[in-house]
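Asker: The following block contains the structure, expressed as structure tokens.
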Amino acid sequence: MDLIFYIALAVTVAFVLALLLAPLFLRPARHERRILDVIKSDRPDQRKISDKERVKEKILAIARAFHARIGFTGDDKLKQKFLSAGLRGGNKMDGYLTARFLVPLTGIAAGSFMPSNSFTWCLVFGGVGYLLPDIWLTRLVKRRQKRIQKSIPDAIDLLVICVDAGLGLDQALLRIGQEIAVSHPDLHEEFMQINLEQRAGKPRIDAWQSLADRTKLPEFAGLVTMLTQTDRFGTPIVRALSRFAEEIRTRRRQRAEEAAAKTKIKILFPLVLFIFPCIFIVLIGPAILQLMRTLSH
């Protein structure tokens, strides 16, 4: 009996030691671990999807089917507008089209509760509801254009420094896109998009032209023209970028001077409507009260 006990104890200890030492002896070699790190996938479909995301995806799927049934889909112009606003992905388009359909219905329903002229209010609220999503999208585009326009001179100066230091234009663009990720996220997204398009095989000039089409800014249109001429005539890229950076700085200074000159005219309206009446009340008010008191006696 003691022999069986000792044998079972020895087998148990052996199994425990084997389990403890298995990660050391069975782990892959160093080169195998490098291969596993390379082929390891971090795709979004491998993560755990929450219930909220499932409900959102079902709602968007119903919206897509409804849009396809009634023929209410986005055209190329609307897709280009979404790219200009920095909204990428089909979910944004589906949400916009759904709002374009539901908001007017909500406005019509709200207008039907008006006690008088219900039909007129339904038309007004329905029209406003139909225009609200487009107004929201247009404001997003303009705000993003202003942010990118303010960050272009700094990015061009960094581009000149990197190219002058010996980097190629594509490598300099990638480095600048990484450096301005915090300070200028919108321009960072556009530069990374150019890098991805070039890695996919798109020519450099076509990738920059796509950037000019997305942002609709004259600075990028001029940059594309400058790069085209530099590539065609073989002029030094550093000299051309330096002159282009000076032109952009001059334009930004002129815009600042123009905005400062406009403030003199804009300040007249609050000055006449709000400040002058208060001054007149303070200065003339006591005299008028004294005159009224004297005439009453």
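Asker: Would you say ASP157 is outside the structural domain of PRO203 (by TED's automatic domain parsing) and not polar (S, T, N, Q)?
Answerer: Working: outside the structural domain of PRO203 (by TED's automatic domain parsing): no; not polar (S, T, N, Q): yes.
Against the criterion (outside the structural domain of PRO203 (by TED's automatic domain parsing) and not polar (S, T, N, Q)), ASP157 does not qualify.
Asker: Looking for whichever is over 21 Å from PRO153 (Cβ atoms), among the hydroxyl-bearing types (Ser, Thr, Tyr) and either assigned to a helix (DSSP H, G or I) or in contact with a helix residue (DSSP H, G or I) (Cβ under 8 Å, 6 or more places away or on another chain) (or both) here; the options are THR263, THR250, THR225, THR230. Which one fits?
Answerer: Of the residues listed, the single one that is over 21 Å from PRO153 (Cβ atoms), among the hydroxyl-bearing types (Ser, Thr, Tyr) and either assigned to a helix (DSSP H, G or I) or in contact with a helix residue (DSSP H, G or I) (Cβ under 8 Å, 6 or more places away or on another chain) (or both) is THR263.
Asker: Among the residues of segment 84-139, count how many are on the phi < 0 side of the Ramachandran plot and not in a helix (DSSP H, G or I).
Answerer: The number of residues fulfilling the criteria is 8.
Asker: In addition: If you scan segment 92-149, which residues turn out to be among the charged types (D, E, K, R) and either touching a residue at least 12 places away in the same chain (Cβ under 8 Å) or touching a Cys at 6+ places or on another chain (Cβ under 8 Å) (or both)?
Answerer: ASP94, ARG100, ASP134, ARG144, ARG147
Asker: To continue, here is another question. For the subset of segment 186-222 comprising residues that are surrounded by fewer than 17 Cβ atoms within 10 Å (Cβ to Cβ) and of a type in the set (A, V, I, L, M), which member is farthest from ASP157 (Cα to Cα)?
Answerer: By that ranking, first place goes to ALA200.
Asker: Return the residues of segment 229-238 that are among the hydroxyl-bearing types (Ser, Thr, Tyr) and exposed (fewer than 14 other Cβ atoms within 10 Å of the Cβ); say none if nothing qualifies.
Answerer: Matches in segment 229-238: THR235 only.
Asker: Please find, within segment 175-185, the residue that is farthest from GLY86 (Cα to Cα) out of those that are of a type outside the set (Val, Ile, Thr) and surrounded by fewer than 19 Cβ atoms within 10 Å (Cβ to Cβ).
Answerer: To start, the set of residues in segment 175-185 that are of a type outside the set (Val, Ile, Thr) comprises 175, 177-179, 181, 183-185.
Retained after the next criterion (residues that are surrounded by fewer than 19 Cβ atoms within 10 Å (Cβ to Cβ)): 175, 178-179, 181, 183, 185.
Working: ARG175: 21, GLN178: 18, GLU179: 19, ALA181: 15, SER183: 16, PRO185: 11 Å.
Applying the filter and picking the extreme gives ARG175.
The values are calculated or read from the model by the stated rules, or taken from the named source; none is laboratory data. Bear in mind that the values here come from a model prediction, so they are computed numbers and not experimental data. So basically every Cβ, Gly included, is an ideal-geometry build from the backbone, and we count neighbours across all protein chains shown.
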